[in-house]
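Down below is the structure, laid out as structure tokens.
The values are calculated or read from the model by the stated rules, or taken from the named source; none is laboratory data. None of the values given here were measured: they were computed from a predicted structure. Glycine gets a Cβ as well: all are built from the backbone with ideal geometry, and neighbour counts include every protein chain shown.
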Amino acid sequence: MEINYIQAVRDIFAKREAPPLCCVHSYGCQQNVSDGEKLKGQLCLMGCGVTDDMTAADIIILNTCAVRENAELKVYGNIGELKRLKEQKPDMLIAVGGCMGQEPKTAEKIKKSYRHVDIVFGTFAAKELPRLIYEALTKKEFIVDTAERNTECFEDIPAVRSEKYKAGVSIMYGCNNFCSYCIVPYVRGRERSRSPEKIIEEIKRLVSDGCKEIMLLGQNVNSYGRGLEEKIDFPELLRRIDNIDGDFRVRFMSPHPKDATREFFDVIAESKKICKSVHLPLQSGSDRILKEMNRRYTAEQYMDMVEYARKVMPGLSISTDIIVGFPNETYEDFSRTLDIVKAVKYDNIFSFIYSKRTGTKAAEIIDHTSEEDKGERFRELLAVQREISEEHYKRFLGAEFDVLFDGTYKEEFISGKSGEFIITLVKGSPELIGTMRKVRVTKTHNWAVEGELI
Ligand code: 5AD
Ligand code: SF4
């Protein structure tokens with residue numbers, strides 16, 4: 001007979017003096033944060049309370065990211081630090097999940113060198129959490145689940161969200177693109193899309209609960225719909241979401257430039273609720289490197305796309321991801337990246353030094369570019385972008401922003417993001433957090449603007 005693991009774990013916990021507390025710490029992208037909320041949701045079903053304080057927790061899950069080596073090193077550092085906690089509380093459970101957990105080498109390394117960890121599980125096993133916890137509690141042995149499964153989407157798992165006023169909503173999982181540097185297709189599997197009905201139902205529920213900003217999530221949002229029975233694509237999904245009643249705004253993360261059609265930009269331009277900001281990961285401005293990366297667009301096609309986007313939305317704010325130092329990148333290649341950065345005038349760039357990921361195509365290339373050269377290029381890119389945003393942000397002086405406040409900055413500022421996704425600071429009380437307010441921009445920096453509530 002199939003065991004109901006949720007109930008079985010509940011029964012074990014019910015015998016304790018107090019319900020155990022769980023702490024789920026997510027690293028990396030928004031998608032992973034969203035997965036972490038569903039891990040918390042499952043733990044709540046098993047009778048746990050939730051805490052952000054690891055020292056108070058009886059169950060700790062590190063929901064990891066494998067996209068670059070430094071992300072992994074950080075995780076191993078954090079796992080090491082948990083050893084002392086486990087010595088003080090031998091009954092606690094420590095689990096390592098997420099993208100690193102999916103790679104078999106992680107379980108091997110943890111088994112060998114981090115004996116205080118109880119469970120290692122991959123992204124495919126996220127729904128198996130109740131069984132994994134049950135086995136760890138009853139068998140008292142090291143539990144590993146890195147099996148690749150034909151997973152459907154996570155439906156019907158309640159999410160425990162940290163904020164009420166903004167929420168990530170996954171619209172698709174996995175990636176089929178196989179950019180040559182990227183580990184994601186290996187640890188998150190093939191693309192699969194949620195049904196539009198489920199997505200819209202979830203958004204309606206969030207909006208009626210007071211959510212003011214919905215971030216649609218997926219590794220490649222604009223390949224949404226492939227493989228679904230109903231014929232639907234990302235622009236059509238955006239149209240339907242835009243038609244949902246209520247006072248909220250919509251963002252998405254991230255589209256792939258190769259799938260960014262004119263219709264995609266037209267829909268954003270015509271919409272009422274979709275923020276006029278897009279994240280368009282460039283990765284490199286050199287056609288030779290783009291080809292090696294398997295990105296399937298050229299610098300010229302990318303620039304045409306930006307030109308069209310700005311034609312239909314003159315105020316559009318654009319951000320990007322850039323990888324510096326892909327194997328055998330020359331300074332000439334890098335200069336092409338700088339050319340695009342200068343031509344587009346991004347509002348924000350997220351730049352990374354290339355990190356070799358075992359198992360990917362690019363990891364097989366013998367790289368002759370030195371780490372020093374890569375470091376120097378990285379710093380040059382940051383300096384160029386700093387100057388651009390310094391200048392470019394000045395266009396916002398006097399503008400009216402709709403700001404959703406979500407935190408504090410230094411002692412005197414409350415911070416939030418505008419529809420353009422620009423960090424906006426105002427002087428005010430923390431009660432502003434969670435509210436959407438109009439702000440007039442009075443001062444600009446190269447990373448944020450300051451303003452006054454209107
Ligand atoms: N090295 C450096 N950066 C990477 N990214 C993905 N894989 C790598 C890698 N191996 C970056 C890309 C991607 C962002 C999420 O992370 O720029 O868009
Ligand atoms: Fe990685 Fe490319 Fe897929 Fe993005 S689109 S997750 S960079 S393989």
### Task
Test Met313 against the stated conditions and say whether it is within 12 Å of ligand 1 (Cβ to nearest atom) and hydrophobic (A, V, I, L, M, F, W, C).
no
### Hits in region 248-270 - residues which are out of contact with any strand residue (DSSP E or B) (no Cβ under 8 Å at 6 or more places or on another chain) and of a type outside the set (A, V, I, L, M, F, W, C)
His256, Pro257, Lys258, Asp259, Thr261, Arg262, Glu263, Asp266, Glu270
## Note on the structure
For Leu228, the lone unmet condition from (1) in contact with a Phe, Trp or Tyr (Cβ under 7 Å, 6 or more places away or on another chain); (2) among the aliphatic types (A, V, I, L, M); (3) assigned to a loop (DSSP other than H, G, I, E, B) is (1)
### Query
Quick one: what pairs do we get from region 356-378, first residue closer than 16 Å to Ile289 by Cα and away from ligand 2 (no atom under 16 Å from the Cβ), second among the basic types (Lys, Arg) and not in a helix (DSSP H, G or I), C-beta under 8 Å, 6+ apart or different chains?
Asp367/Lys356
### Summary
Counting only residues in region 399-453 that are under 26 Å from the mean Cα position of the chain (by Cα) and of a type in the set (Gly, Ala, Ser), the one surrounded by the most Cβ atoms within 10 Å (Cβ to Cβ) is identified as Gly416
### Query
Counting only residues that are more than 9 Å from ligand 2 (Cβ to nearest atom) and in a loop (DSSP other than H, G, I, E, B), how many does region 171-190 have?
3
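Going by what's in this entry, would Ile157 be described as in contact with a helix residue (DSSP H, G or I) (Cβ under 8 Å, 6 or more places away or on another chain), among the aliphatic types (A, V, I, L, M) and more than 16 Å from ligand 1 (Cβ to nearest atom)?
Details: in contact with a helix residue (DSSP H, G or I) (Cβ under 8 Å, 6 or more places away or on another chain): yes; among the aliphatic types (A, V, I, L, M): yes; more than 16 Å from ligand 1 (Cβ to nearest atom): yes.
Against the criterion (in contact with a helix residue (DSSP H, G or I) (Cβ under 8 Å, 6 or more places away or on another chain), among the aliphatic types (A, V, I, L, M) and more than 16 Å from ligand 1 (Cβ to nearest atom)), Ile157 qualifies.
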### Query
What's the number of the condition Ile3 fails, among (1) in contact with an Asp or Glu (Cβ under 9 Å, 6 or more places away or on another chain); (2) assigned to a loop (DSSP other than H, G, I, E, B)?
(1)
### Message
Residue pairs, Cβ under 6 Å, 6 or more apart or interchain, first in region 242-264 and modelled with pLDDT of 95 or more, second part of a loop (DSSP other than H, G, I, E, B) and within 16 Å of ligand 1 (Cβ to nearest atom). List them.
### Response
His256/Asn220; Pro257/Leu280; Pro257/Tyr297; Lys258/Arg296; Lys258/Tyr297
### Summary
Of (1) at pLDDT 95 or above; (2) under 30 Å from Ile214 (Cα atoms), Asp11 fails just (2)
#### Entry: Members of region 194-216 that are in a loop (DSSP other than H, G, I, E, B), in contact (Cβ under 8 Å) with a residue 40 or more places away in the chain and more than 22 Å from Lys417 (Cα to Cα)
Arg194
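Would you be able to say whether some residue in region 315-334 is more than 30 Å from Tyr173 (Cβ to Cβ), in contact (Cβ under 8 Å) with a residue 24 or more places away in the chain and of a type in the set (A, V, I, L, M, F, W, C)?
Here is the first cut: in region 315-334, the ones more than 30 Å from Tyr173 (Cβ to Cβ) are 315, 328-334.
In the following step, the residues that additionally are in contact (Cβ under 8 Å) with a residue 24 or more places away in the chain were identified as 315, 328-334.
Filter once more, so that each one left must be of a type in the set (A, V, I, L, M, F, W, C): 334.
Yes, region 315-334 has at least one match.
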### Query
So which residues in region 6-27 are of a type in the set (A, V, I, L, M), in a helix (DSSP H, G or I) and more than 29 Å from Tyr173 (Cα to Cα)?
Ala8, Ile12, Ala14
### Query
Which residue, of Phe154, Phe121, is at pLDDT below 95 and either in contact with a Gly (Cβ under 6 Å, 6 or more places away or on another chain) or under 24 Å from His256 (Cα atoms) (or both)?
Phe154
### Task
Within region 435-444, identify whether any single residue is without any contact (Cβ under 8 Å) to a residue 40 or more places away in the chain, over 30 Å from Val324 (Cα atoms) and not charged (D, E, K, R), and answer yes or no.
yes
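Mind counting the residues in region 268-283 that are touching a residue at least 12 places away in the same chain (Cβ under 8 Å) and away from ligand 1 (no atom under 16 Å from the Cβ)?
To start, the set of residues in region 268-283 that are touching a residue at least 12 places away in the same chain (Cβ under 8 Å) comprises 268-269, 271-283.
Now narrow it down to the ones that are away from ligand 1 (no atom under 16 Å from the Cβ): 268-269, 271-277.
Here the count works out to 9.
To keep it simple, each residue is scored yes or no on (1) in a helix (DSSP H, G or I); (2) modelled with pLDDT of 95 or more.
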{"position": "Phe378", "(1), (2)": "yes, yes"}
{"position": "Leu381", "(1), (2)": "yes, yes"}
{"position": "His392", "(1), (2)": "yes, no"}
{"position": "Gly398", "(1), (2)": "no, yes"}
{"position": "Lys417", "(1), (2)": "no, yes"}
{"position": "Leu425", "(1), (2)": "no, yes"}
{"position": "Gly434", "(1), (2)": "no, yes"}
{"position": "Arg437", "(1), (2)": "no, yes"}
{"position": "Thr442", "(1), (2)": "no, yes"}
